[in-house]
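Worksheet: the structure to be examined is printed underneath.
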Amino acid sequence: MRVVGLDIHRVFAEAVMLDDGKVVRLGRVGMTREHLDIFARTVLTHDDHVVVEATGNATAVAEVLAPHVGRVVIANPRQVRLIAEARIKTDVIDATVLARLYASGFLPEVWVPDARTEALRRQVTRRMQIVRQRARLKTMIQSILHAHLVPPCPHADLLGPKGRAWLLAQPLPPDEADAVARHLREHDRLSEDLRVVEREIARDALANPDAKRLMTIPGIDMVVAVGLLAAVGPVTRFNGPDKLVSYLGLNPTVHQSGEGRPRHGRISKSGRTHARTMLVEAAWQAVRGPGPLRAFYERVARRRGVHIAAVAVARKLAVIIWHLLHKGEDYAWVRPALHAKKLRDLELRSGLPARRGERGQAYAYNLTRTRQEERRRGEQAELAYRRQTEGWTRRGPKAPTGAAKEERP
């Protein structure tokens, strides 16, 4: 078996072949589909294995080369430390290291998503970029107001109907007023783009039963559910909930040497940052309503503070998500009326027509009696969790094996 290592750049890739222990430099390959296809058909064979490092275009490279070779492997750049920390670093050396690591069986690989998951990831990324651009425009408007000693907006939303009327009535220099008007027009254009992207995401969520299942968890809406599914992929990749927690970077770091006690530090923050951020935001929303998650949050917050408690709830959500997807079940403490409202909002965001004057599946959420009953069930579950954990205490350090016990006076 021949192993080909590719050190990918923006416009070219350096190719090195490891054939029977000998390193053969294949030269540079252009980073276009045409050049890669010619390289694969003229140089590579169906028995070759190709190794590339994870970059922005690594998935496209793997897609072009896969039909012509035995296997295409994408290496995890965080764990290939021989390349990152090398004192002598060239493209040929980097490609050679990739080939040798794979041939020896020590190459940390990256999971390559299927076409549907990859397309969903791109949609989630586009939505995140649009949201960030809108927030940036709002910050620029706020900075203009602050620079001219304009008091804070008395309305909740500066760019809402009332906020805009107040904003346009403020005395500003002509050039600053024109800048505010440009920012508002750009904000409106981005809002329209956001509605288009969210419509496509909502259609994918409607056709995905796993997305609807995750929405039974409090604090998780369409955006969080689809974003997590796009980041995680098939849950069968993970043997247990701890593997999913580690993939999302919510597991604590551990330092241990010799016979000393292991010391646990902050979370590792490895994996996809956006998915971890969405879980933490969902945790803040989940603890606002009654239920076991709020009781768990308050129990941790008393000892460690509210921010660590929110991250702990996010980790708990990751564990719950693994069990729900693995078993194909809904959340045990789902609020049916609230879940029906989420699904109806999902239908409206996907472009389905509104049925005004008709009682749909989300009508029960409008009834105060129904919401109070669901809240009462959540409070009962929260009370049951508090009673269960009331006598729990933290375990102290274990004494070393064979150590003599201290005598009591």
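The values are calculated or read from the model by the stated rules, or taken from the named source; none is laboratory data. These numbers come from a predicted model, not from an experiment. Note that each Cβ is placed from the backbone with ideal geometry, even for glycine, and that neighbours are counted across all protein chains shown. These accessible areas exclude ligands, DNA and RNA; they are computed on the full protein's heavy atoms, side chains included. Shrake-Rupley method; radii C 1.70, N 1.55, O 1.52, S 1.80 Å.
Brief remarks on what is shown
- Lys pairs under 21 Å by Cα in the chain, provided they are eight or more residues apart or on distinct chains: 11
- Per-atom-type breakdown for the chain gives carbon and sulfur 51% of the accessible area (1.4 Å probe, protein chains only).
- Sum of -39500 (n - 2.57) over DSSP H runs of 4+, divided by residues of the chain (222 nm, nearest 500): -17500 deg cm²/dmol
- Computed over the chain: relative contact order in percent, which uses C-alpha pairs under 8 Å that are six or more apart: 11
- Extension reserve of the E200-K89 stretch, reckoned as 0.36 nm per residue once the Cα distance is removed: 35.6 nm
- Of I130, L98, V180, farthest towards positive along the dipole that unit charges on Lys, Arg, Asp, Glu beta carbons give the range 96-231: L98
- Segment E34-H9, length gained on full extension (0.36 nm per residue, minus Cα span): 7.4 nm
- Surface exposure of the range 1-146, expressed per residue as accessible area with a 1.4 Å probe, stands at 57 Å².
- Taking amide H atoms as placed 1.01 Å from N in the peptide plane, the amide H of V4 lies under 5 Å from those of L18, H49, V50, V51, each 5 or more residues away in sequence or on another chain.
- Contact order for the range 64-216, expressed relative to its length and based on alpha carbon pairs under 8 Å spaced 6+ residues apart, stands at 22 percent.
- Remark: the range 221-236, residue by residue, has Karplus-estimated 3J(HN,Hα) of 10, 4, 5, 5, 4, 5, x, 5, 5, 5, 6, 7, x, x, 5, 5 Hz, where x stands for each Gly or Pro and the curve is 6.51 cos²θ - 1.76 cosθ + 1.60 at θ = phi - 60°.
- GluC sites (Glu not before Pro), loop per DSSP, at most 15 other Cβ atoms within 10 Å - longest free stretch of the chain: 86-258
- Hull volume in cubic angstrom per residue (convex hull over the Cα atoms of the range 236-386): 155
- Solvent-accessible ranking of R78, R375, R237, R294, largest area first, probe 1.4 Å: R78, R375, R237, R294
- Karplus-derived 3J(HN,Hα) values for the range 60-68, using 6.51 cos²θ - 1.76 cosθ + 1.60 with θ = phi - 60°, are 5, 4, 4, 5, 6, 7, 4, x, 9 Hz; glycine and proline are entered as x.
- Legend: calculated FRET efficiency, M1 to N57, from the Cβ-Cβ distance at R0 = 25 Å, rounded to 0.05, equals 0.45.
- Cα gyration tensor shape of the range 104-145, rounded if a/c is under 1.5, else prolate or oblate by comparing a/b with b/c: oblate
- Tensor-based shape of the range 138-230 (alpha-carbon gyration tensor, a/c under 1.5 rounded, otherwise prolate or oblate): prolate
- The range 351-366 residues near the modelled V334 label - backbone nitrogen below 15 Å, point 7 Å along Cα→Cβ: 361-362
- Divided by 2.2 N^0.38 Å, where N counts the residues, the Cα radius of gyration of the chain comes to 1.26.
- A simple spin-label model places the labels of D157 and T125 3.0 nm from each other, with each point 7 Å out along Cα-to-Cβ.
- Inverse of mean 1/r across different Cα pairs in the range 1-145, Kirkwood, Å: 16.8
- Restricting the range 1-108 to chymotrypsin sites (Phe, Trp or Tyr not before Pro) that sit in a DSSP loop and have at most 15 other Cβ atoms within 10 Å of their own Cβ leaves F106.
- The alpha carbon radius of gyration of the range 178-245, expressed as a multiple of 2.2 N^0.38 Å, is 1.55.
- Remark: the range 354-367, residue by residue, has Karplus-estimated 3J(HN,Hα) of 7, 10, 6, x, 10, 8, x, 5, 9, 5, 4, 5, 6, 7 Hz, where x stands for each Gly or Pro and the curve is 6.51 cos²θ - 1.76 cosθ + 1.60 at θ = phi - 60°.
- Projected over all directions and averaged, the alpha-carbon convex hull of the range 140-183 occupies 2.8 nm².
- Of the trypsin sites (Lys or Arg not before Pro) in the range 79-183, those whose Cβ has at most 13 other Cβ within 10 Å and which sit in DSSP loop: R87, K89
- Simple point charges give the picture: +1 on the Cβ of Lys and Arg, -1 on the Cβ of Asp and Glu, and for the chain a dipole about the Cα centre of about 1780 debye.
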